[in-house]
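Worksheet: the structure to be examined is printed underneath.
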Amino acid sequence: MSDHLFSKRTRRVPKSFIRDILKVAGKPDVISFAGGLPHPGLFPVREIKDAFMTLMEERGSESMQYGPSEGFSPLREWVCDRYRKRAGLDISPDNVLITTGSQQALDLVGKVFLDEDDFVAMERPGYLGAIQAFSFYSDAIIQVPLKGDGPDMEILEETLREKQPKIFYAIPNFQNPSGQSYNLEKRKHLADLCATYGTIMVEDDPYGELRFAGADLPPVTSFMKSPSILLGTLSKIAAPGLRVGWIVGEEAMLDRLIIAKQAADLHTSTITQQLAWQYLATNNIEDHIETIRLAYGRQRDCMITMIRRYFPPEVSFTQPEGGMFLWVTLPDGWSSAELFELAINEKVAFVPGAPFYVDGGGLNTMRLNFSNADEADIEEGIMRLGRCIEKYVGGGRPTE
Ligand SMILES: Cc1ncc(COP(=O)(O)O)c(C=O)c1O
């Protein structure tokens, strides 16, 4: 089919390179560190089954009906309670819009706030799903480098001052893809800068509850004195298959976002919203999150131990205090895409870093997910990757 039949905005969006990788990585004999998937053994299958039975008995026909676009009220109340308890945020259900995963929230934010020539600022490297979602609406994504404890604040200020981006999109806790978190000072500074330059802060926090070391830090939203948006999801603390996420923001913003949501899907599935709420109302989610934290902490430790054992010392990596990802930097001049080809032959997969950069950078970087694989597979997979690096260094580069 001729390309010109597609809209300009569709043609502009980068092809999802990760989908191709995940296809290869999903083969049964491949050990995959590629996807951002939770561990399947930790899903609350029995609890969700029981919740579903109760839901059908108590509200069967209501759950099959259309519902309000802003979402199921008790679930919106649950979101408020949680932020009140966790972060002292003073919000009401009127500040909450339930979305079909937080990925939909990114699309709605793009639709409501961005014109084609509006700049969008985000982290470098940045979340691929946000690059993709915002690319449909803006032709001007700029990235601000991360420095290990948050963005480079000088470059950030220069970017906000000179480009006046509408949005700064950030993942301050255990960022995807780098695993980095913002320190307290940068959180406060970021809130001040957004207020000074009139940029909307979009804080995406799917991983904040998955902390297995260190102390929790308040969300940037708690320091904001100007318009901001906070995104959350049940995907990483319960199950991504539910497709339940949310947007927290001031009512004037939500009014517009609700109209965009109506145009997109009328509302998020009533059945899954009510099922999620039933599950949350009858189970102790804290216990479940604690189980996940402990498991991911062990998996991360295992991956780090194996990297130290099997990777050469010139390969560096982050040691996140939570979340699902570890970020690896190979020496300058090495190509993680070439290493990926060797790795696939060894039946181990990761995501090469380039797609997380909008400027062609990151060729020597890669993302490793530690949440999805068992410890035995992590040991085996990292050993195989170490073997690939040895081959690569020894001249086995596929292009040579
Ligand atoms: C930073 C970030 N935001 C949003 C999402 C989308 O999550 P959801 O399943 O809630 O749509 C992900 C998924 O991996 C993510 O890593």
Query raised in the report: Quick one: which of A337, A349, A354, A281 is farther than 30 Å from V79 by Cβ and more than 21 Å from the chain's Cα centre (by Cα)?
Result: A337
Report task. Need at least 3 residues that are among the basic types (K, R) per element, so show me which helices (runs of 4 or more DSSP H) inside segment 227-334 make the cut, counting only ones lying wholly within it. Result -> 285-310
**Report entry** Of all residues in segment 355-373 being without any contact (Cβ under 8 Å) to a residue 40 or more places away in the chain and surrounded by fewer than 20 Cβ atoms within 10 Å (Cβ to Cβ), the one that is nearest to P331 (Cα to Cα)
**Finding:** L363
Report task. Answer with yes or no whether S32 is among the hydroxyl-bearing types (S, T, Y) and touching a strand residue (DSSP E or B) at 6+ places or on another chain (Cβ under 8 Å). Result -> yes
Report task. Please report, ordered by residue number, the strands (runs of 3 or more DSSP E) entirely within segment 115-212 with at least 2 residues that are β-branched (V, I, T) and in contact (Cβ under 8 Å) with a residue 40 or more places away in the chain. Result -> 140-145, 200-204
Query raised in the report: Taking I200, is it away from the ligand (no atom under 13 Å from the Cβ), under 18 Å from D107 (Cβ atoms) and surrounded by fewer than 16 Cβ atoms within 10 Å (Cβ to Cβ)?
Result: no
Report task. Report the residue count in segment 343-375 for those that are away from the ligand (no atom under 16 Å from the Cβ) and touching a Lys or Arg at 6+ places or on another chain (Cβ under 6 Å). Result -> 2
Report summary line: If we take segment 1-100, then helices (runs of 4 or more DSSP H) inside it with 2 or more residues that are of a type in the set (V, I, T) are 17-25, 45-63
Query raised in the report: Within segment 303-317, can one find any residue that is touching a Phe, Trp or Tyr at 6+ places or on another chain (Cβ under 9 Å), surrounded by fewer than 23 Cβ atoms within 10 Å (Cβ to Cβ) and within 25 Å of G129 (Cβ to Cβ)?
Result: yes
Requested in this report: Answer yes if at least one residue in segment 293-304 is within 16 Å of S32 (Cβ to Cβ) and free of Cβ contacts under 8 Å to residues at least 60 places away in the same chain, and no otherwise.
Outcome: no
**Report entry** Conditions (1) touching a residue at least 24 places away in the same chain (Cβ under 8 Å); (2) more than 16 Å from the ligand (Cβ to nearest atom); (3) closer than 21 Å to I285 by Cβ: number failed by V96
**Finding:** (2)
**Report entry** Criterion violated by G214 - all others in (1) away from the ligand (no atom under 13 Å from the Cβ); (2) buried (at least 18 other Cβ atoms within 10 Å of the Cβ); (3) within 24 Å of G88 (Cβ to Cβ) satisfied
**Finding:** (2)
Report task. Taking the residues in segment 78-93 that are over 20 Å from the mean Cα position of the chain (by Cα) and under 21 Å from H267 (Cβ atoms) as candidates, determine which candidate is nearest to the ligand (Cβ to nearest atom). Result -> W78
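Here is a yes/no grid of residues against (1) buried (at least 24 other Cβ atoms within 10 Å of the Cβ); (2) under 23 Å from L242 (Cα atoms); (3) outside the structural domain of R256 (by TED's automatic domain parsing):
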{"site": "W78", "(1), (2), (3)": "no, yes, no"}
{"site": "D81", "(1), (2), (3)": "no, yes, no"}
{"site": "R86", "(1), (2), (3)": "no, yes, no"}
{"site": "F113", "(1), (2), (3)": "no, no, no"}
{"site": "R124", "(1), (2), (3)": "no, no, no"}
{"site": "I131", "(1), (2), (3)": "no, no, no"}
{"site": "S138", "(1), (2), (3)": "no, no, no"}
{"site": "I155", "(1), (2), (3)": "no, no, no"}
{"site": "P165", "(1), (2), (3)": "yes, no, no"}
Query raised in the report: Which residue out of A195, A239, A252, A264 is within 16 Å of the ligand (Cβ to nearest atom), surrounded by fewer than 18 Cβ atoms within 10 Å (Cβ to Cβ), at pLDDT 95 or above and among the small types (G, A, S)?
Result: A264
Query raised in the report: In this structure, does A105 turn out to be at pLDDT 95 or above, more than 16 Å from the ligand (Cβ to nearest atom) and surrounded by 19 or more Cβ atoms within 10 Å (Cβ to Cβ)?
Result: no
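The values are calculated or read from the model by the stated rules, or taken from the named source; none is laboratory data. Quick caveat, the model's predicted, so the values are computed rather than measured. As a convention, Cβ positions derive from the backbone with ideal geometry for all residues, glycine included, and neighbour counts pool all protein chains shown.
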